[in-house]
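Working notes, structure below.
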Amino acid sequence: MAISILTRTSDRLKSLFSRRPNLFIERLIEQARLVEEGTDALTSYMKKPNNKNATLIREYEKEADEVRRIMIDELNRTFVTPIDREDLYSLSRAIDDILDYAYSTVNEMEMLKVEPNEYLREMADMLKLGAEEVHLAMERIENHPNVADSHAIRAKGIENRMEELYATAIADLFKNPEDLKDVVNMLKLREIYRHMLYAVRSTEQAGNIISDIVIKFY
């Protein structure tokens, strides 16, 4: 009987002092997961540019947008948050931008009738890696903040590689155009490359905010 009372008391104390899950971190993890899956669909599209893969990207983008809307609504209805609401809002927006640019990339490729090339496939692979690092960082930020920060740093490192690839792709694109058709194609591809560059920059931005949160709150 005494052991039973002690056990119940111990359980109550554990329940009282255990850290409650951070609702906003959970929302950001869900958002980051959808973004990672959306960028995976983008890599598939760059290998096989068909309606199925394009539709998948659009569906992930819509789902991620809905998670963001819910989080912002919860943020607006919460008086005290465990992390600055500005940081939560900014991080959610940066994560959202990753998939928004992936979505707009596919839209413009379809509208402008641009076929994927090796540069775009490599850019999509880099974007997927960046999205994976952001997702891993969000999964670990509460219980293993230093590990989360290491993933954020990796996401930022991928952006540096993307800058180099983008410069190489642009230089190669503007080599010796032969006619007006080549010029038009160059202009189309330049816009698509820019979308991919901005997408990877968004992973860097998310990584920067995650590192700031780790420093300030963990």
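Read phi for every residue in the stretch 40-57 and hand back ³J(HN,Hα) as whole Hz from Karplus 6.51 cos²θ - 1.76 cosθ + 1.60, θ = phi - 60°, with x for Gly and Pro.
5, 5, 5, 5, 5, 5, 5, 8, 9, x, 10, 5, 4, 5, 5, 5, 4, 4
Using a Debye calculation, one point per C-alpha and no hydration shell, please list log10 I(q)/I(0) for the stretch 109-165 at q = 0.24, 0.25, 0.26, 0.28 Å⁻¹ in order.
Summing over Cα pairs of the stretch 109-165 leads to -0.87, -0.91, -0.94, -1.01.
Measure off 7 Å from each Cα along the Cα-to-Cβ vector at Arg77 and Lys216, then give the distance between these two points in nanometres to one decimal.
The two pseudo-label positions are separated by 2.5 nm.
Just how much of Arg201 is accessible, in Å², when a 1.4 Å probe is used and the result is rounded to the nearest 10?
Near enough 90 Å² of accessible area.
Return the equivalent ellipsoid semi-axes of the stretch 61-149 as a descending list in whole Å, where each equals the square root of 5 times an eigenvalue of the C-alpha gyration tensor.
One finds semi-axes of 30, 18, 8 Å for the stretch 61-149.
So how far apart, in nm, are the two label points at Arg161 and Thr55 if each is 7 Å from Cα heading toward Cβ?
It is 3.3 nm.
Ignoring ligands, DNA and RNA, how do Ser150, Ser92 rank by accessible area with a 1.4 Å probe, largest first?
Ser150, Ser92
Per residue, how large is the accessible surface of the chain? Use a 1.4 angstrom probe and give square angstrom.
56
Quick one: with all protein chains in place, what share of the accessible area of the chain is carbon or sulfur, to the nearest percent (1.4 Å probe)?
51
Over the stretch 51-177, calculate the relative contact order: mean separation of alpha carbon pairs under 8 Å at least 6 apart, over the residue count, as a percent. Intermediate values should be presented prior to the final figure.
Working: 53 pairs, mean separation 23.6, N = 127.
Reported relative contact order: 19 percent.
At a 1.4 Å probe radius, which order do Ser211, Ser44 fall into by accessible area, largest first? Kindly include the intermediate steps, with their values, before the conclusion.
Numbers: Ser211 10, Ser44 45 Å².
Ranking Ser211, Ser44 by accessible area, largest first, yields Ser44, Ser211.
If each DSSP helix of 4+ residues adds -39,500 (n - 2.57) and the sum is divided by the residues in the chain, what number results at 222 nm, nearest 500 deg cm²/dmol?
Taken over the chain, the calculation gives -30500 deg cm²/dmol.
The values are calculated or read from the model by the stated rules, or taken from the named source; none is laboratory data. Here the structure is a predicted model, which means the values were calculated and not measured. Because the Cβ atoms are built from the backbone with ideal geometry, glycine has one as well, and the counts that use them run over all protein chains shown. The accessibility values were calculated without ligands, DNA or RNA, using every heavy atom of the protein model including side chains. Shrake-Rupley method; radii C 1.70, N 1.55, O 1.52, S 1.80 Å.
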